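The values are calculated or read from the model by the stated rules, or taken from the named source; none is laboratory data. These figures come from a predicted structure and were not determined experimentally. Here Cβ is always computed from backbone atoms with ideal geometry, including for glycine, and neighbour counts include all displayed protein chains. Accessible surface is based on the protein model in full, side chains and every heavy atom, while ligands, DNA and RNA are left aside. Shrake-Rupley method; radii C 1.70, N 1.55, O 1.52, S 1.80 Å.
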Amino acid sequence: MITDARPLIEINQQAISLLYKELGVVDEASPSGSLIFYFTKRVIMDDQQRYKDGMAVRRAVLGDQHVDRAQSNLNDFNADFQNLITRYAWGEIWTRPGLSRDTRSLMTICMMVALNREEELKLHIRAARNNGVTADQIKEALLQTAIYCGLPAANAAFAIAQHELKEMADKGRERKGEEQEKDVKEIKKKHGES
């Protein structure tokens, strides 16, 4: 039987303090007098880091060509908006660990169908493919939208997706053909042929 619990309480308080410090937990008294605990580690990221991380994810998902085009169109009117998109959409949400990029892509496709945002839908179908989403997974997501967003919305989305996927496949074939042609030229050059 423990006769004096004070040493145990002191040890527990020290352990809790160390754990709080490691986790970035802050406790404050609320107006009602109860303690409020919150984590600070995620919040510590500053806007510059958030922008940098966001730009990396934005480029990985949307592709350098799209991002470079958006960056080349920056002006006094839209620069703040582009910064906001990069920091918060890409730097805060797309970098979160709770969902994979392919899941986020499929969710975004569904939301673009629901909102009837054709240009963004085209962009995110391409982005989904960059994230490893298959054409069959896109098809399944669009079938889901037929039920929850309506048949006309899904019908339009299927037409858009089919066009974008075909265009991407055609460009892929063109690139493969160009690469093969380049390989043949390299081989001929290596063997002294013209």
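Quick rundown of the values:
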quantity: Total residues in segment 71-90, condition outside any helix (DSSP H, G or I) and either in contact with a Cys (Cβ under 8 Å, 6 or more places away or on another chain) or under 19 Å from ALA127 (Cβ atoms) (or both); calculated: 1
quantity: First in segment 127-138 and on the phi > 0 side of the Ramachandran plot and open to solvent by less than 50 Å² (accessible area, probe 1.4 Å), second anywhere and modelled with pLDDT under 95 and β-branched (Val, Ile, Thr), Cβ under 7 Å, 6 or more apart; calculated: none
quantity: Sole exception among (1) over 16 Å from PHE158 (Cβ atoms); (2) assigned to a helix (DSSP H, G or I); (3) in contact (Cβ under 8 Å) with a residue 40 or more places away in the chain for ASP68, by number; calculated: (3)
quantity: Residue in segment 139-150 that is most open to solvent (accessible area, probe 1.4 Å), counting only those that are over 21 Å from the mean Cα position of the chain (by Cα) and free of Cβ contacts under 8 Å to residues at least 12 places away in the same chain; calculated: ILE147
quantity: Complete set of residues in segment 156-173 that are surrounded by 12 or more Cβ atoms within 10 Å (Cβ to Cβ) and out of contact with any Leu (no Cβ under 8 Å at 6 or more places or on another chain); calculated: ALA156, GLN162, HIS163, GLU164, LEU165, GLU167, MET168, ALA169
quantity: Given (1) over 20 Å from GLY63 (Cβ atoms); (2) touching a Gly at 6+ places or on another chain (Cβ under 9 Å); (3) at pLDDT 95 or above, number of the condition GLU92 does not satisfy; calculated: (3)
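Results for (1) of a type in the set (A, V, I, L, M, F, W, C); (2) in contact with a helix residue (DSSP H, G or I) (Cβ under 6 Å, 6 or more places away or on another chain); (3) surrounded by fewer than 14 Cβ atoms within 10 Å (Cβ to Cβ), shown as yes or no for each residue.
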| residue | (1), (2), (3) |
| --- | --- |
| VAL67 | yes, yes, no |
| PHE81 | yes, no, yes |
| THR95 | no, yes, no |
| SER100 | no, no, yes |
| LEU123 | yes, no, no |
